[in-house]
Amino acid sequence: QVQLVESGGGLVQAGGSLRLSCAASGRTFSSYTMGWFRQAPGKEREFVATISWNAGSTNYAVDVKGRFTISRDNAKNTVYLQMNSLKPEDTAVYYCARGPPYSISVYRSDYPLWGQGTQVTVSS
């Protein structure tokens, strides 16, 4: 069983950048798709970005495409989310999640394992 721990959240001004990290502990899971989701107050948790663990493909939500970059380092069991040109509407709790093995997915229901989340706040 794997545990996911997010870090790197904080308070930044609009236009600034943050890099989130998600570290996995426990058994290895290098074959699994990884994803980032976010949840703003009063809203449903929504898809942000996903990456196949074999580095073959990525996918992004329309709202973040061109601004966010997902990456991973399998040797460190870590996935990252580089967030640039941040906007106030990016404010949310960001969650790292493990998805299905060998297949990429943008659907929340395909991600059975989640971290505790890290707060990102973007001021105008």
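The values are calculated or read from the model by the stated rules, or taken from the named source; none is laboratory data. Source: prediction; values computed, not measured. As a convention, Cβ positions derive from the backbone with ideal geometry for all residues, glycine included, and neighbour counts pool all protein chains shown. The area values use the complete protein model at the heavy-atom level, side chains included, leaving out ligands, DNA and RNA. Shrake-Rupley method; radii C 1.70, N 1.55, O 1.52, S 1.80 Å.
What a 1.4 Å probe finds exposed on region 1-61 is 45% carbon and sulfur by accessible area, rounded to a whole percent. The alpha carbon centroids of region 5-26 and region 70-94 are separated by 6 Å. List the residues whose amide H sits under 5 Å from the amide H of THR33, counting only those 5 or more places along or on another chain, with H placed 1.01 Å from N in the peptide plane. Sorted by chain and number, the residues that satisfy this are TRP53, GLY99, TYR102, SER103.
Based on C-alpha pairs under 8 angstrom that are at least 6 apart in sequence, the chain has a relative contact order of 36 percent. Accessible surface computed residue by residue for the chain, with neighbouring protein chains in place and a 1.4 Å probe, gives 51 Å² per residue. A quarter of the convex hull surface defined by the alpha-carbon atoms of region 1-95 gives 6.1 nm² as the mean projection.
Sequentially through region 105-112, phi angles give Karplus couplings (6.51, -1.76, 1.60; θ = phi - 60°) of 8, 10, 9, 4, 5, 8, 10, x Hz, Gly and Pro residues having no value and appearing as x. Distance between the 7 Å Cα→Cβ label points at GLN116 and GLU44: 2.8 nm.
Of all aspartates and glutamates in the structure, those lying under 12 Å Cα to Cα from LYS87, and not within fewer than 8 positions of it along the same chain, are ASP63. Counting only DSSP beta bridges with both residues in the chain, the antiparallel share comes to about 90 percent.
Computed over region 61-108, the percent of Cα pairs more than 11 Å apart is 78. The modelled label-to-label distance between SER123 and GLN82, using points 7 Å beyond Cα along the C-beta direction, is 2.6 nm. When +1 charges are put on Lys and Arg Cβ atoms and -1 charges on Asp and Glu Cβ atoms, the dipole computed for the chain relative to its Cα centre reaches about 160 debye. Computed extension length for SER103-LEU11: 29.8 nm, one decimal, from 0.36 nm per residue of separation with the Cα-Cα distance subtracted. Placing dummy labels 7 Å off each Cα toward the beta-carbon, the span from VAL2 to THR69 is 2.3 nm.
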